[in-house]
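These notes are about the structure you will find just below.
What follows is calculated from the coordinates using simple rules that are stated; it is not laboratory data. Please read all numbers here as calculations on a predicted model, not as lab measurements. In this analysis, Cβ positions are derived from the backbone assuming ideal geometry, glycine residues included, and neighbour counts consider all displayed protein chains.
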């Protein structure tokens with residue numbers, strides 16, 4: 001691949017979320033969709049024909065393409081690690097939808113493979129690129145909020161039973177997970193990013209409003225290595241769905257983000273972030289939404305991925321970041337099972 005040539009990406013998984021990936025890739029310079037495959041041959045064929053790229057029945061066939069630089073994994077969560085490992089072992093960079101895996105061991109295997117081969121491994125966590133979130137992170141890093149005492153996240157989502165009934169893998173422990181792995185993982189990643197290493201996790205999970213294996217409601221308490229405390233409330237049982245709320249309180253100031261906007265910004269000496277969008281997506285981009293998620297955040301993250309591949313630097317959201325979020329979630333499950341606080345050691 002010459003420096004001027006676009007990064008050619010193969011897409012694995014042509015389900016609902018694939019549209020956001022494809023729209024972002026199509027809208028950016030320096031990257032292009034090279035081919036697709038999916039567990040459903042009909043979906044692979046339809047996606048390939050719609051976007052004018054080759055489609056394949058299997059991942060092996062996709063990886064046999066000689067001019068493929070990277071692979072995006074957008075399949076059911078339980079398939080992510082094996083498919084990411086296959087991509088990396090073929091010499092391709094990998095972008096893995098959240099979660100990177102359903103176990104810490106599987107996540108670490110993916111991270112290790114990428115590191116040993118000198119390849120970029122990125123985990124999707126597009127909320128990190130929102131201007132208000134980045135402004136909050138910068139303010140915390142600069143000490144503008146003082147000593148952080150409490151970080152609180154509230155994810156009140158709505159998913160009807162038909163969502164879990166739409167595919168046999170949805171809501172299962174082996175292939176999908178529940179509200180923590182699927183919806184709240186975005187906020188969990190943000191808490192780990194802004195709060196730092198986590199020392200211990202205490203949690204309760206329950207399945208209250210749906211017929212499914214995994215949980216649809218969770219309450220998770222974190223003790224950060226720096227002494228701060230965190231709380232995550234998440235459920236898919238409320239209607240209507242509410243914007244995600246993230247509150248950070250320090251001894252000099254506080255911030256409350258509602259959705260992607262700063263509803264409260266009391267940070268001495270630091271102006272509130274603009275409510276104006278930081279990017280203007282090309283016409284049509286972002287119009288397709290999957291459960292409230294559009295391609296706008298993916299535009300930002302794919303732009304970062306392009307730069308990481310070009311320069312050899314780490315992406316903003318690394319495989320290690322994906323591993324850290326999974327560690328917190330699996331510790332929450334273990335805490336609920338045992339009734340104990342689960343120590344994580346605060347490892348960076």
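Each Cα pair under 8 Å and six or more residues apart adds its separation to the average, and for segment 130-278 the resulting relative contact order is 34 percent. Per-residue extension of 0.36 nm, minus the Cα-Cα distance of residue 271 and residue 165, leaves a gain of 33.6 nm for this segment. DSSP assigns beta bridges within the chain; of those with both partners inside it, close to 60 percent run antiparallel. Using R0 = 30 Å, the C-beta based FRET efficiency linking residue 147 and residue 340 works out to 0.60. One chain, two ends: residue 261 and residue 219. Fully extended at 0.36 nm per residue, the span grows by 12.7 nm beyond their Cα-Cα distance. Each principal axis of the Cα atoms in segment 7-126 has its own extent, and those three values, largest first, are 37, 28, 26 angstrom. Each of the peptides 187-195, 116-124, 310-318 was scored by the mean count of other Cβ atoms within 10 Å over its residues; in descending order, highest first, they stand as 187-195, 116-124, 310-318. Annotation: the residues 266, 216, sorted from fewest to most other C-beta atoms within 10 Å of their own C-beta, follow the order 266, 216. Taking all Cα pairs closer than 8 Å and separated by 6 or more residues, the relative contact order of segment 72-191 comes to 28 percent.
Between residue 82 and residue 158, what FRET efficiency comes out of the Förster formula 1/(1 + (r/R0)^6) with R0 = 41 Å and r the beta carbon distance, rounded to 0.05? Calculated transfer efficiency: 0.85.
Placing a pseudo-label 7 Å from each Cα along the Cα-to-Cβ vector at residue 16 and residue 65 gives an inter-label distance of 2.6 nm. For the chain, adding -39500 (n - 2.57) for each run of n ≥ 4 DSSP H residues and dividing by the number of residues yields -10000 deg cm²/dmol at 222 nm. Across the chain, Cα pairs under 8 Å and at least six residues apart give a relative contact order of 21 percent. Taking a ≥ b ≥ c as the square roots of the eigenvalues of the Cα gyration tensor, segment 102-205 is classed as oblate, since a/c reaches at least 1.5 and a/b does not exceed b/c. Spacing of the modelled spin labels on residue 206 and residue 226, each 7 Å from Cα toward Cβ, amounts to 3.3 nm. Between residue 251 and residue 41, residue separation times 0.36 nm minus the direct Cα-Cα distance comes to 70.0 nm. Calculate the length of the line joining the C-alpha centroid of segment 139-206 to that of segment 64-81, in whole Å. Segment 139-206 and segment 64-81 have Cα centres separated by 24 Å. Computed over every Cα-Cα pair of the chain and binned at 20 Å starting from 0, the pair-distance distribution P(r) comes out as 31, 60, 9 percent.
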